[in-house]
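The values are calculated or read from the model by the stated rules, or taken from the named source; none is laboratory data. Here the structure is a predicted model, which means the values were calculated and not measured. Cβ sites come from the backbone with ideal geometry, for glycine too, and all protein chains shown count toward neighbours. All accessible areas refer to the heavy atoms of the entire protein, side chains included, with ligands and DNA or RNA removed. Shrake-Rupley method; radii C 1.70, N 1.55, O 1.52, S 1.80 Å.
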Amino acid sequence: MRKTLSVLLTAAMATSMLAACGSSNTQATQAPAETKAAETQAAATTAAPAETKAAETVAAVTEAAKEAEANGETITVGFAQVGHESDWRTASTNSVQSALSKENGIDLQFVDCDNDSAAQLEAVRNFIQQGVDYIVIDPIVSTGWDTVLTEADDAGIPVIVIDRTIDDSDKYVSWVGSEFTNEGLAAGAWLKAYVADKGISEVNALVISGTTGSSAQIGRSNGFDKYVEAENWNKIDEQTGDFTQEGGQKVMESYLKSYDGKFNVVVCQNDNEAFGAIDAMKAAGVSYGVDGDVIVISFDACTAGLQKVLAGEINADFQCNPLQGPDCLNIIKKLEAGETVDQKTFMAEPWYVAEDKLKEITYTNNSGNEVTEPLVVVDQAVVDAAY
Ligand code: GZL
């Protein structure tokens, strides 16, 4: 809707420029729409007396713009969401839809890209053709973005990236998300302290990774692998469960056929994969969790995941915060007000554990700093407060 306004303002600007052609105050260069709007505004105050047609047009459109503003004209935002693969994703979608709402002056065009990268690029191109005011992307994978982001840039549409990262283009105004490598490092640091405390001398780990090529999968794998190497752990296998419960169960069933009795740790790169892996181990009679033979590590810390930590079925759950909706709204409002926005914003994310033996972990984070971070023991209040 706002685009229509700026087109109107631009048309008025063109009219007034033609009518005043030759006048000393005519702008020789074409400026972007926003400046045209400002010039139109200026032209309306400094133009020749109201009797000229152009001045009347400009004045009328500026009046319409003012009225629209006063009426709280909506801002159109296109949101290309990864899909609907996990509890985390549901919370992410709800957060953005609640913040980018009509009540907040936003007309949200939402597309669930069903974990299909081609569909996601098409959704972004459709937003560009629609002439939305802003585009929000949670990128399924971190590469293949520069061409379409260049198209958005050429169309003058600001792009905001949330959650996962885009690693082959910087043509976006802001990113809000998680430091995924730190999530993997924290999981490794916790496992190192946990097995030492339990007197476990050998780590034979299986990994059920997230969607291959997503920054969440890349970061969690890279972070955990640093400990595999440093501690000389035996990482038996790593296969993708695509961040789904079905995927976690299928991979675990395959692992149980190939490695039954040979592993004592399973790392699931999100809670839904952990739910599937737990179902598979239960069906196979393999014990897991606090009182079991297999240590279960998970990521996301959604409500259902923390319920399993409380029940002792998951030993540790490293939160990934999905609630980027308010940040999106804040960025858009700042841009609308002509303010600058931070290029990068990291979400705060606690680490949850089932037992209160270990109080904190210390590790060298992805920025090269040694950090000591608390471990939160899960009780019912923690579960009730989860996203
Ligand atoms: C991570 C996010 C991941 C979650 C999964 O930020 O993109 O995708 O960890 C979700 O649950 O499917």
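Among the residues of segment 229-277, those identified as of a type in the set (D, E, K, R), more than 23 Å from Phe180 (Cβ to Cβ) and in contact (Cβ under 8 Å) with a residue 12 or more places away in the chain are Lys250, Glu253, Asp260, Lys262. Quick one: in segment 130-179, of everything that is of a type in the set (D, E, K, R) and part of a loop (DSSP other than H, G, I, E, B), which residue is nearest to the ligand (Cβ to nearest atom)? Once the filter is applied, the top-ranked residue is Arg164. Just one residue in the set Glu231, Glu179 is over 30 Å from His84 (Cβ atoms) and charged (D, E, K, R); that residue is Glu231.
Take the residues of segment 222-258 that are closer than 22 Å to Gly292 by Cβ and assigned to a loop (DSSP other than H, G, I, E, B): which is nearest to the ligand (Cβ to nearest atom)? Of everything passing the filter in segment 222-258, Gly241 is nearest to the ligand (Cβ to nearest atom). Which of the residues spanning segment 70-108 are open to solvent by less than 40 Å² (accessible area, probe 1.4 Å), within 15 Å of the chain's Cα centre (by Cα) and more than 16 Å from the ligand (Cβ to nearest atom)? Those that are open to solvent by less than 40 Å² (accessible area, probe 1.4 Å), within 15 Å of the chain's Cα centre (by Cα) and more than 16 Å from the ligand (Cβ to nearest atom): Gly78, Ala99, Leu100.
In segment 267-286, the qualifying residues are those that are within 16 Å of the ligand (Cβ to nearest atom) and among the β-branched types (Val, Ile, Thr), and the one that is nearest to the chain's Cα centre (by Cα) is Val267.
Can you pull out the residues in segment 95-120 that are touching a residue at least 12 places away in the same chain (Cβ under 8 Å), within 19 Å of Ile75 (Cα to Cα) and part of a helix (DSSP H, G or I)? Reasoning before the result, please.
The first filter runs over segment 95-120 and keeps only residues touching a residue at least 12 places away in the same chain (Cβ under 8 Å), leaving 95-100, 102, 104-117, 120.
Pick out the ones that are also within 19 Å of Ile75 (Cα to Cα) and you get 95-100, 102, 104-111.
Scanning segment 95-120 gives Ser95, Val96, Gln97, Ser98, Ala99, Lys102, Asn104.
Identify the residue in segment 133-185 that is without any contact (Cβ under 8 Å) to a residue 40 or more places away in the chain and either within 19 Å of Asp107 (Cβ to Cβ) or touching a Cys at 6+ places or on another chain (Cβ under 6 Å) (or both) and, among all such residues, is most open to solvent (accessible area, probe 1.4 Å). Out of the qualifying residues, it is Ala155.
Kindly check whether there is at least one residue in segment 353-360 that is of a type outside the set (A, V, I, L, M) and under 23 Å from the mean Cα position of the chain (by Cα). No, segment 353-360 contains no residue that is of a type outside the set (A, V, I, L, M) and under 23 Å from the mean Cα position of the chain (by Cα). Looking across Gly188, Gly261, one residue alone is farther than 21 Å from Ala311 by Cα, away from the ligand (no atom under 16 Å from the Cβ) and surrounded by 19 or more Cβ atoms within 10 Å (Cβ to Cβ). It is Gly188.
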